[in-house]
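**Student:** Can you read through this structure? Questions will come right after.
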Amino acid sequence: MVALAIITANSFAQVQSDIQSATLIHGDKTSVYYGNGAFMSAYDNAADEGDIIVLSAGSFNNTRDITKSISIYGSGYEKDPVSGTEPTYISQIRISDKSVYDEEGNLYYVYPTVYIEGMQVGNDYSTNVTFASFWVYDSKGDAILKNMIVRKCKILGNIVLNAPTESCLFTQSAIGVLGCWKRDGHSYFEAYLSGLHSQLNVENCWVYEATGGSIKCTIIYDHCIIRDVYGNYAHYANNIIYDVLPDFCTATNNIFSTQSIGTNVTGVENWTNVADGGIWVEEGETGKNYDATKTFALKFPAKYVGTDGTQVGINGGNAPFDRISPIPRILDADVDIRTAADGKLNVNFKVEAQTKE
């Protein structure tokens, strides 16, 4: 179901011919900011709990550390072939904890609760897989990042999780390298998640490189396509995997393309050494490469059934892969270049609102 609405806003801002806007929603109050730095302006004015920032198509710079519990929505991470809506690009996402005081005046640190949907973050993993475009900074105290959701995003470059996490989710996204690090003094070393991550789930995603954890960690890849794998102790179910799993992983109902499972891996009901021609509907298709035009449709979905009774890979599970974000999207914006007597500009936005899935 699709509904269209027209929103009129006034602003003192200089507006470019290709309008990039960030709409800040605080209760029943709406503020609109323009230009490459619009996201930062909206963030600076956002309250700490529950505010929403909606970004139009276009490119946005971000040098802010996100310490506020907010939701951030873009127009999508790839061009919508139906409406023609262009993607939203943001330079980077950096989530950090902040200091607070309890009623007795004791200092402690907390992470925000963050929801992010419908945008492309950072540089292209095909040219720079070592660039960290998505950071969660290590806690200055004992804070745990909880309930973060990243949905329908393309995160190009490394996702670096320095902090312990609990019940966090990446879903319906295309991501580069999921890297988890721990700080030791002023240097960083790879810690295979260091057992600090509880129920870190990656679902219905295309993954360039999946990282494992430690024996205390629960990182779960479910209904994904995974190009490369690095690190032990991860849990893989209902995926299509192009690499041999490292030691001490678990594997259930996965397709391994031209690969065996690996040694010292606990695995049941997997399909091994399956050629691409036996996996995909499209002739000559491979899941090793991501492309905006690919559907990743299985040739035999009734044969390759996962633990939940749906087909393995990103088109099965509870949230089949879908690039189009269902939140309101700014389709068009017009500016009356004739300013009013008070110097304000009249800006008309055409917004597409879709029913939430």
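**Student:** From the residues in segment 246-266 that are aliphatic (A, V, I, L, M) and open to solvent by 10 Å² or more (accessible area, probe 1.4 Å), which one is nearest to Gly287 (Cα to Cα)?
**Tutor:** The qualifying residue nearest to Gly287 (Cα to Cα) is Ile261.
**Student:** Okay, next question. Those residues that are in contact with a helix residue (DSSP H, G or I) (Cβ under 9 Å, 6 or more places away or on another chain), crowded, with 24+ Cβ neighbours inside 10 Å and in a loop (DSSP other than H, G, I, E, B), I need them from segment 199-245; list them, please.
**Tutor:** Within segment 199-245, Gly212, Gly213, Cys217, Gly231, Ala234 qualify.
**Student:** Can you go through Thr293, Thr272, Thr307 and tell me which one is free of Cβ contacts under 8 Å to residues at least 12 places away in the same chain, out of contact with any Lys or Arg (no Cβ under 9 Å at 6 or more places or on another chain), of a type outside the set (D, E, K, R) and open to solvent by 30 Å² or more (accessible area, probe 1.4 Å)?
**Tutor:** Values: Thr272 fails: free of Cβ contacts under 8 Å to residues at least 12 places away in the same chain; Thr307 fails: free of Cβ contacts under 8 Å to residues at least 12 places away in the same chain.
Exactly one residue qualifies, and that residue is Thr293.
**Student:** Filter segment 66-75 down to the residues that are more than 17 Å from Ile149 (Cβ to Cβ) and modelled with pLDDT of 95 or more and list them by number.
**Tutor:** As a first pass, look at segment 66-75 and keep what is more than 17 Å from Ile149 (Cβ to Cβ): 67, 75.
Matches in segment 66-75: Thr67 only.
Rundown of residues vs (1) crowded, with 21+ Cβ neighbours inside 10 Å; (2) assigned to a strand (DSSP E or B), yes/no style:
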position: Thr23; (1), (2): yes, yes
position: Ser31; (1), (2): no, yes
position: Ser41; (1), (2): no, no
position: Val54; (1), (2): yes, yes
position: Ile70; (1), (2): yes, yes
position: Lys79; (1), (2): no, no
position: Gly84; (1), (2): no, no
position: Gly105; (1), (2): no, no
position: Tyr109; (1), (2): no, yes
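**Student:** I'd like to check which strands (runs of 3 or more DSSP E) are fully inside segment 138-178 and have at least 2 residues that are under 20 Å from Ile70 (Cα atoms) and at pLDDT below 95. Write out each step before concluding.
**Tutor:** Numbers: elements: 149-151, 154-161, 165-171.
Where strands (runs of 3 or more DSSP E) fall fully within segment 138-178 and carry at least 2 residues being under 20 Å from Ile70 (Cα atoms) and at pLDDT below 95, they are 154-161, 165-171.
**Student:** Right, next: I need the strands (runs of 3 or more DSSP E) fully contained in segment 251-328, keeping only those with at least 1 residues that are on the phi < 0 side of the Ramachandran plot and under 28 Å from the mean Cα position of the chain (by Cα). Talk me through it step by step, then tell me what you get.
**Tutor:** Working: elements: 255-257, 266-268, 271-274.
Passing ranges, in order: 255-257.
**Student:** Pairs under 7 Å by beta carbon, first residue without any contact (Cβ under 8 Å) to a residue 12 or more places away in the chain in segment 92-104, partner part of a strand (DSSP E or B) and surrounded by 10 or more Cβ atoms within 10 Å (Cβ to Cβ), six or more apart or different chains?
**Tutor:** Val100/Tyr108; Val100/Val110; Tyr101/Leu107; Asp102/Tyr108
**Student:** Return the total of residues in segment 145-170 being open to solvent by 10 Å² or more (accessible area, probe 1.4 Å) and within 12 Å of Val202 (Cα to Cα).
**Tutor:** Final tally of qualifying residues: 4.
**Student:** Here's something else I'd like to know. I'd like the full set of residues that are aliphatic (A, V, I, L, M) and either within 12 Å of Ile72 (Cβ to Cβ) or more than 21 Å from the chain's Cα centre (by Cα) (or both), limited to segment 41-59.
**Tutor:** We begin by selecting, within segment 41-59, every residue aliphatic (A, V, I, L, M); these are 42, 46-47, 52-55, 57.
Hits for segment 41-59 are Ala42, Ala46, Ala47, Ile52, Ile53, Val54, Leu55.
The values are calculated or read from the model by the stated rules, or taken from the named source; none is laboratory data. Values in this document were obtained by computation on a predicted structure and should not be read as measured data. Cβ atoms come from the backbone with ideal geometry, glycine included; neighbour counts cover every protein chain shown. In case anyone asks, the SASA skips ligands and DNA or RNA and just uses the protein heavy atoms, side chains included. Shrake-Rupley method; radii C 1.70, N 1.55, O 1.52, S 1.80 Å.
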